[in-house]
Amino acid sequence: STAVGGASVVALDFDGTRAYPMYDWMGVMKAALESLGRYLAREVGPDRIRVNMLAAGPVRTIAAKSIPGFSVFEDTWADRAPLGWDVNDSSAVADSAVALLSPLLRATTGSVIHVDGGAHAMG
């Protein structure tokens, strides 16, 4: 069915599938967030509520300042990302959130969408 309706929840994530240096327990918490998203998607799906996570590349924000060693991500991410990455530009992440909140992705739930210039796929 292509009926429009329901609701969408989008959580901001940071790839919980990898152990990043100096990210410590935050990585564990992000992996838990991803799991929670999947379970929540299963529970609220029958009510037409979608739950997805955006695994964003590093973006220079107030929160990023509290992560020890964040500059390591800033310095290397663009080199690893095939599409490049600008830590000062959050628009790609915002655009992806808008798409997930819209009915355009009405059949997507329980997913982690990587918005990181492709760095997650480079090993």
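Could you identify the single residue in 106, 42, 38 that is open to solvent by 20 Å² or more (accessible area, probe 1.4 Å), within 13 Å of residue 11 (Cα to Cα) and basic (Lys, Arg)? Break it down into steps so the answer makes sense when it comes.
Values: 106 fails: within 13 Å of residue 11 (Cα to Cα); 42 fails: within 13 Å of residue 11 (Cα to Cα).
Sole residue among the options that is open to solvent by 20 Å² or more (accessible area, probe 1.4 Å), within 13 Å of residue 11 (Cα to Cα) and basic (Lys, Arg): 38.
Give me the residue from region 6-16 that is modelled with pLDDT of 70 or more and more than 14 Å from residue 110 (Cα to Cα) and, out of that set, most open to solvent (accessible area, probe 1.4 Å).
Let us first name the residues in region 6-16 that are modelled with pLDDT of 70 or more, namely 6-14.
So of that shortlist, the ones also more than 14 Å from residue 110 (Cα to Cα) come out as 6, 14.
Values: 6: 55, 14: 21 Å².
So, considering only residues that are modelled with pLDDT of 70 or more and more than 14 Å from residue 110 (Cα to Cα), the one most open to solvent (accessible area, probe 1.4 Å) is 6.
Suppose we filter 113, 67 for residues that are at pLDDT below 95 and open to solvent by 30 Å² or more (accessible area, probe 1.4 Å); which single one remains? Break it down stepwise before answering.
Numbers: 113 fails: at pLDDT below 95.
Answer to the check: 67.
Quick check on my filter: what residues within region 45-64 are in contact with a strand residue (DSSP E or B) (Cβ under 9 Å, 6 or more places away or on another chain) and open to solvent by less than 60 Å² (accessible area, probe 1.4 Å)?
Residues of region 45-64 in contact with a strand residue (DSSP E or B) (Cβ under 9 Å, 6 or more places away or on another chain): 45, 47-57.
Hits for region 45-64 are 45, 49, 50, 51, 52, 53, 54, 55, 56, 57.
Look through 119, 92, 31 and report the one residue that is among the hydrophobic types (A, V, I, L, M, F, W, C), open to solvent by less than 50 Å² (accessible area, probe 1.4 Å) and in contact with a helix residue (DSSP H, G or I) (Cβ under 6 Å, 6 or more places away or on another chain).
Values: 92 fails: in contact with a helix residue (DSSP H, G or I) (Cβ under 6 Å, 6 or more places away or on another chain); 31 fails: in contact with a helix residue (DSSP H, G or I) (Cβ under 6 Å, 6 or more places away or on another chain).
Exactly one of 119, 92, 31 is among the hydrophobic types (A, V, I, L, M, F, W, C), open to solvent by less than 50 Å² (accessible area, probe 1.4 Å) and in contact with a helix residue (DSSP H, G or I) (Cβ under 6 Å, 6 or more places away or on another chain), namely 119.
Please state which one of 93, 72 is aliphatic (A, V, I, L, M) and in contact (Cβ under 8 Å) with a residue 60 or more places away in the chain. Don't jump to the end; show me each part of the working.
Numbers: 72 fails: in contact (Cβ under 8 Å) with a residue 60 or more places away in the chain.
Going through 93, 72 in turn, just one is aliphatic (A, V, I, L, M) and in contact (Cβ under 8 Å) with a residue 60 or more places away in the chain: 93.
I'm told residue 83 meets every condition in (1) exposed (fewer than 13 other Cβ atoms within 10 Å of the Cβ); (2) hydrophobic (A, V, I, L, M, F, W, C); (3) free of Cβ contacts under 8 Å to residues at least 12 places away in the same chain except one. Can you identify the failing condition by its number?
The number of the failed condition is (3).
The values are calculated or read from the model by the stated rules, or taken from the named source; none is laboratory data. On a predicted model such as this, the values are computed, not experimentally measured, just so you know. For neighbour counting, all protein chains shown are included, and Cβ atoms are generated from backbone atoms with ideal geometry for every residue, glycine included. Note: areas computed on protein heavy atoms with side chains; ligands, DNA, RNA excluded. Shrake-Rupley method; radii C 1.70, N 1.55, O 1.52, S 1.80 Å.
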